[in-house]
1. How much area per residue is accessible in the chain when the probe is 1.4 Å and only protein heavy atoms are counted (Å²)?
2. Tell me the label-point distance for the pair Tyr115, Thr148, using the 7 Å Cα-to-Cβ offset, in nm and rounded to one decimal.
3. Report, in debye and to the nearest 20, how large the dipole of the chain comes out about its Cα centre when Lys and Arg carry +1 and Asp and Glu carry -1 on their Cβ.
4. Between region 19-41 and region 81-108, how many Å separate their Cα centres?
5. Which of these values of Kirkwood radius over Cα pairs in Å was calculated from the structure shown: (1) 18.4; (2) 22.5; (3) 19.8?
6. Report, ordered by chain and residue number, the lysines lying within cross-link reach of Lys97, taken as a straight Cα distance under 17 Å and ignoring same-chain residues fewer than 8 apart.
7. At a threshold of 8 angstrom on Cα-Cα distance, excluding pairs fewer than six apart, so keeping six or more, what relative contact order does region 1-62 reach in percent?
8. Got a number for carbon plus sulfur as a percent of region 1-150's accessible area, 1.4 Å probe?
Amino acid sequence: MTVARKVDFGLYLNGGPTGDILLPKRYAPKDIAIGDEIDVFIYLDQDERPVATTQQPKAMVGEFACLKVAWVNEHGAFLDWGLMKDVFCPFREQKVKMEKDNYYMVYIRLDEESYRIVATAKVEKHFSQEKPELKRNEKVTALVWQQTELGYKVIVNNMFRGMIYKDQIFKPLRIGQKVEAYVSNVRDDGKIDVALQLQGRKQTLSFSEQLHEYLFYHDGYCPFTDKTPAEDIYREFHVSKKVFKKAVGDLYKQRIITIAPDGIELKNQNNLF
């Protein structure tokens, strides 16, 4: 928005048909001048007036987020979403009664009657009903939602239900964490199976190159074998043991490496690829 005028308590920004909108002094850059443009977030203050801030909320309208309850009153819960004014989640929008200091997955929406930004814990109502147009091994963003016996439910690309199965998890995950993931399957019901790594031959080929390069820059030697614990392999390369073994087999078939009892060795360091 454009700075329209300065006052002792902040800046007024040109809000067009809405009228000038106040940016309080505590958020105003010191060197800004009338006519300058500034990126702001607009919401309603305690008196239901539009107000601007340069703070960034943890989630905007139309987004999911895992937020902490700051306080509770007789009307509902107020969640910390990164702004001075907490976002409200009324009791009717809670799946279980929210408690102070606990975290909950919510969807941020605009209340059509009050025009206030509110949160709802009934997130399932806000997933896309369209079938995902996603391909196998396509990179997506996954928001960790719930832990189950099968693994973790996730929200894919802020739109779709997804699942990361526990046999695909090689690093700690926490509720509310956003991770890069790859589509492994789109089911007929629209739910998406995702993995933290590329799947199949494409992943093996990609890691084969990485392992080949690792050998070249480590004097032609890698102290890992098929006997090495999966946790150690993941810590070093961020791939599963299965992927590591396939890449070793791929390089061995190409006669690029030899396999020793205590590791693998590069046959010819003068020819990287």
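1. Numbers: 16160 Å² over 273 residues.
Per residue, the chain has an accessible area of 59 Å².
2. Those two pseudo-labels are separated by 4.1 nm.
3. Working: 40 positive and 39 negative charges, 162 e Å.
For this selection, approximately 780 debye.
4. 29
5. (2)
6. The reachable lysines, counting only those whose Cα sits under 17 Å from Lys97, are Lys68, Lys122.
7. On the way: 97 pairs, mean separation 18.0, N = 62.
Dividing the mean separation by the residue count of region 1-62 yields 29 percent.
8. Numbers: 4330 of 9110 Å².
After summing per-atom areas, the C and S share lands at 48 percent.
The values are calculated or read from the model by the stated rules, or taken from the named source; none is laboratory data. Owing to the predicted nature of the structure, the values given are computational and were not obtained by experimental measurement. Please note: Cβ atoms are built from the backbone with ideal geometry, for glycine as well, and neighbour counts cover all protein chains shown. Quick note on the areas: whole protein, heavy atoms, side chains included, nothing else; ligands and nucleic acids left out. Shrake-Rupley method; radii C 1.70, N 1.55, O 1.52, S 1.80 Å.
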